[in-house]
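Novice: Please read through the structure below; I'll follow up with questions.
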Amino acid sequence: MKQFSDMSAVLAARHRDGLLRQRVELQSAQSVTPIIDGKPLLSFCSNDYLGLAGDDRIAQAMSQAVERYGVGAGASHLIDGHHHEHERLEQELAEFCGREAALVFSTGYMANIGVIQALLTRHDTVIQDRLNHASLIDGGRLSGAKFSRYAHNDSDNLAQQLDRASGKKLVVTDGVFSMDGDKAPLDDLASVCRSHDAWLMVDDAHGFGVLGTEGAGLVSEFGLTTEDVPVVIGTLGKAFGTSGAFVAGDQLTIDYLLQYARSYIYTTASPPAVAAATRASLAIVRNSNDRRAHLTALIQKLRAGIQALGLTLMPSETPIQPILIGESHHAMQLSQALKARGILVTAIRPPTVPEGTARLRVTLSAQHSEAQVDTLLNTLESLL
Ligand SMILES: *Cc1c(COP(=O)(O)O)cnc(C)c1O
């Protein structure tokens, strides 16, 4: 195995640089107070923005569906794994997004690689925001299309790149950026795309459930139509609290993706009970204005408190509230010191974020109380 003998040196270097990634072990339901490695913690790091991952009503919908339909789908969607529950979920998601149709994938990662690869060939061009999620970047690479990135949220820079692009042009952006929490300027991006005859694809993994009327996401908050944003991606493992993802668009686009998205075709369908759980979750999400209002209040409280401590916040109005630290070891030390005091906040380091911008990524959930946000602020203050 001589060829692979550099693995231990590479891992040692990663450890030395404060970049080694380690998992914690959850022994309870996901919640703001999970049991981790045997101890109860106060957590500010899940993407369970509405507190639905452990919701009894959704769990019950899932177990009833398991009783009726069993556990596994048993086949891929195009063989005979496509269940009535998947079909109903697709219709409900399409209606939720104000689109003609939707297609449900097993994960967001798979949706992104499948959709971009299906829409483009090597004669085409994909242009992505520099800070896009890794799954979008990977999808762009896998598609074989010409690939470039524009400066973060910079529609002028995008326009310059579109001027030089050839073939079909697909512009791809996160809706809410996963490591920064800021929103893409979708109206500007859509108008640049329209004037260049390009398609805009928005991955709103962190906006669905949280932003817009009924939680219909950032595209809905901007009031953009299928013409403005032909391809909308949502994930179901974040605010929805279940698992999976979807793409929504006009019927023709969805029909096309059904034929050509390889990560949809060549994989076993997700369990029908997961689709049933997500349908229950969708109904709750739409009805959760009170949870969204509470979340907004928590965001304002946290931001005021962090600023009062003299720490650097990023320009975010969403439940993703990173505190910029800079150096990886320092971010790690703070994260470890918080954990020793019972609070879980992850340090996000390069290569996930650019060099020199390590951060404590605080995420808020509607399940948090104001008192729990105070606990975080007071503990941070004691560490400075
Ligand atoms: C989490 C995330 C994904 C991946 O979704 P999964 O269902 O977890 O695979 C894709 N895009 C963005 C922007 C994300 O934040």
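The values are calculated or read from the model by the stated rules, or taken from the named source; none is laboratory data. This one's a predicted model, so the numbers in the text were calculated from it and none came from an experiment. Ideal geometry is used to build each Cβ from the backbone, glycine not excepted, and the neighbour counts take in all protein chains shown. These area figures cover heavy atoms from the full protein model, side chains too; ligands, DNA and RNA do not enter into them. Shrake-Rupley method; radii C 1.70, N 1.55, O 1.52, S 1.80 Å.
Novice: Can you tell me which residue within the range 359-384, out of those that are of a type in the set (A, V, I, L, M, F, W, C) and in a loop (DSSP other than H, G, I, E, B), is farthest from the chain's Cα centre (by Cα)? Walk me through how you get there before you give the answer.
Specialist: Here is the first cut: in the range 359-384, the residues of a type in the set (A, V, I, L, M, F, W, C) are 360, 362, 364, 366, 371, 373, 376-377, 380, 383-384.
Checking which are in a loop (DSSP other than H, G, I, E, B) leaves us with 364, 366, 384.
Values: LEU364: 14, ALA366: 17, LEU384: 31 Å.
It comes out as LEU384.
Novice: Look at the range 52-108 and say how many of its residues are polar (S, T, N, Q), away from the ligand (no atom under 16 Å from the Cβ) and farther than 19 Å from GLY217 by Cβ. Even if it seems obvious, please write down each step before you answer.
Specialist: Pass one, the range 52-108, residues polar (S, T, N, Q): 60, 63-64, 76, 91, 106-107.
Remaining after also requiring away from the ligand (no atom under 16 Å from the Cβ): 60, 63-64, 76, 91.
Now restrict to residues that are farther than 19 Å from GLY217 by Cβ: 60, 63-64, 76.
Qualifying residue count, the range 52-108: 4.
Novice: Follow-up question, since we're still on this one. Can we say HIS133 is in contact (Cβ under 8 Å) with a residue 60 or more places away in the chain and open to solvent by 50 Å² or more (accessible area, probe 1.4 Å)?
Specialist: On the way: in contact (Cβ under 8 Å) with a residue 60 or more places away in the chain: yes; open to solvent by 50 Å² or more (accessible area, probe 1.4 Å): yes.
The answer is yes for HIS133.
Novice: Taking the options ALA276, ALA205, name whichever one is buried (at least 24 other Cβ atoms within 10 Å of the Cβ) and farther than 17 Å from CYS97 by Cα. Please lay out each step first, then the result.
Specialist: Working: ALA205 fails: farther than 17 Å from CYS97 by Cα.
Exactly one of ALA276, ALA205 is buried (at least 24 other Cβ atoms within 10 Å of the Cβ) and farther than 17 Å from CYS97 by Cα, namely ALA276.
Novice: Applying the selection to the range 327-351, what residues are loosely packed, with under 15 Cβ neighbours inside 10 Å and either within 18 Å of PHE177 (Cβ to Cβ) or outside the structural domain of MET314 (by TED's automatic domain parsing) (or both)?
Specialist: Listed by number, the residues that qualify are PRO350, PRO351.
Novice: Next question, about the same structure. Hey, can you tell me all the residues within the range 1-58 that are over 22 Å from LEU298 (Cβ atoms) and charged (D, E, K, R)?
Specialist: Across the range 1-58, the qualifying residues are LYS2, ASP6, ARG14, ARG16, ASP17, ARG21, ARG23, GLU25, ASP37, LYS39, ASP56, ARG57.
Novice: Among the residues of the range 179-197, which ones are assigned to a helix (DSSP H, G or I) and either within 16 Å of the ligand (Cβ to nearest atom) or open to solvent by 50 Å² or more (accessible area, probe 1.4 Å) (or both)?
Specialist: LEU186, ASP187, ASP188, LEU189, SER191, ARG194, SER195, listed by residue number.
Novice: Sticking with this structure for a sec: May I ask you to verify whether VAL210 is of a type in the set (A, V, I, L, M) and crowded, with 24+ Cβ neighbours inside 10 Å?
Specialist: Details: of a type in the set (A, V, I, L, M): yes; crowded, with 24+ Cβ neighbours inside 10 Å: yes.
Yes; evaluated as a whole, the condition is true for this residue.
Novice: Within the range 158-178, restricting attention to residues that are assigned to a helix (DSSP H, G or I) and open to solvent by 10 Å² or more (accessible area, probe 1.4 Å), which residue is farthest from LEU218 (Cα to Cα)? Step through it out loud before you land on a result.
Specialist: First, the residues of the range 158-178 that are assigned to a helix (DSSP H, G or I): 158-164.
Imposing the further condition that a residue be open to solvent by 10 Å² or more (accessible area, probe 1.4 Å) reduces the set to 159-161, 163-164.
On the way: ALA159: 22, GLN160: 25, GLN161: 24, ASP163: 27, ARG164: 29 Å.
Residue satisfying both the conditions and the ranking: ARG164.
Novice: Every residue in the range 59-75 that is open to solvent by less than 20 Å² (accessible area, probe 1.4 Å) and under 15 Å from GLY244 (Cβ atoms), please.
Specialist: Taking the range 59-75 first, the residues open to solvent by less than 20 Å² (accessible area, probe 1.4 Å) are 65, 75.
Listed by number, the list holds a single entry, ALA65.
Novice: What about LEU295, is it modelled with pLDDT of 95 or more and within 19 Å of ASP55 (Cα to Cα)?
Specialist: Numbers: modelled with pLDDT of 95 or more: yes; within 19 Å of ASP55 (Cα to Cα): yes.
Yes; evaluated as a whole, the condition is true for this residue.
Novice: Of the numbered conditions (1) open to solvent by 20 Å² or more (accessible area, probe 1.4 Å); (2) within 15 Å of the ligand (Cβ to nearest atom); (3) free of Cβ contacts under 8 Å to residues at least 40 places away in the same chain, THR267 satisfies every one except a single condition; which is it?
Specialist: Condition not satisfied by THR267: (3).
Novice: Within 16 Å of the ligand (Cβ to nearest atom) and in contact with a His (Cβ under 6 Å, 6 or more places away or on another chain): which single residue out of VAL176, VAL219, VAL231 fits that description?
Specialist: Values: VAL219 fails: in contact with a His (Cβ under 6 Å, 6 or more places away or on another chain); VAL231 fails: in contact with a His (Cβ under 6 Å, 6 or more places away or on another chain).
Sole residue among the options that is within 16 Å of the ligand (Cβ to nearest atom) and in contact with a His (Cβ under 6 Å, 6 or more places away or on another chain): VAL176.
Novice: Taking the range 243-253 as the search range and keeping residues that are buried (at least 21 other Cβ atoms within 10 Å of the Cβ) and farther than 18 Å from LEU211 by Cα, which one is farthest from the ligand (Cβ to nearest atom)?
Specialist: As a first pass, look at the range 243-253 and keep what is buried (at least 21 other Cβ atoms within 10 Å of the Cβ): 244-249, 253.
Narrowing further to those that are farther than 18 Å from LEU211 by Cα: 244, 249, 253.
Numbers: GLY244: 7, GLY249: 17, THR253: 19 Å.
So, considering only residues that are buried (at least 21 other Cβ atoms within 10 Å of the Cβ) and farther than 18 Å from LEU211 by Cα, the one farthest from the ligand (Cβ to nearest atom) is THR253.
Novice: From the list SER143, SER155, which residue is more than 21 Å from TYR266 (Cα to Cα) and either away from the ligand (no atom under 15 Å from the Cβ) or open to solvent by 10 Å² or more (accessible area, probe 1.4 Å) (or both)?
Specialist: Values: SER143 fails: more than 21 Å from TYR266 (Cα to Cα).
Of the residues listed, the single one that is more than 21 Å from TYR266 (Cα to Cα) and either away from the ligand (no atom under 15 Å from the Cβ) or open to solvent by 10 Å² or more (accessible area, probe 1.4 Å) (or both) is SER155.
Novice: Okay, next question. From the list LEU236, LEU298, LEU257, LEU218, exactly one residue is touching a residue at least 40 places away in the same chain (Cβ under 8 Å) and not assigned by TED's automatic domain parsing to the domain that holds GLN64. Which is it?
Specialist: Matching residue, one of LEU236, LEU298, LEU257, LEU218: LEU298.
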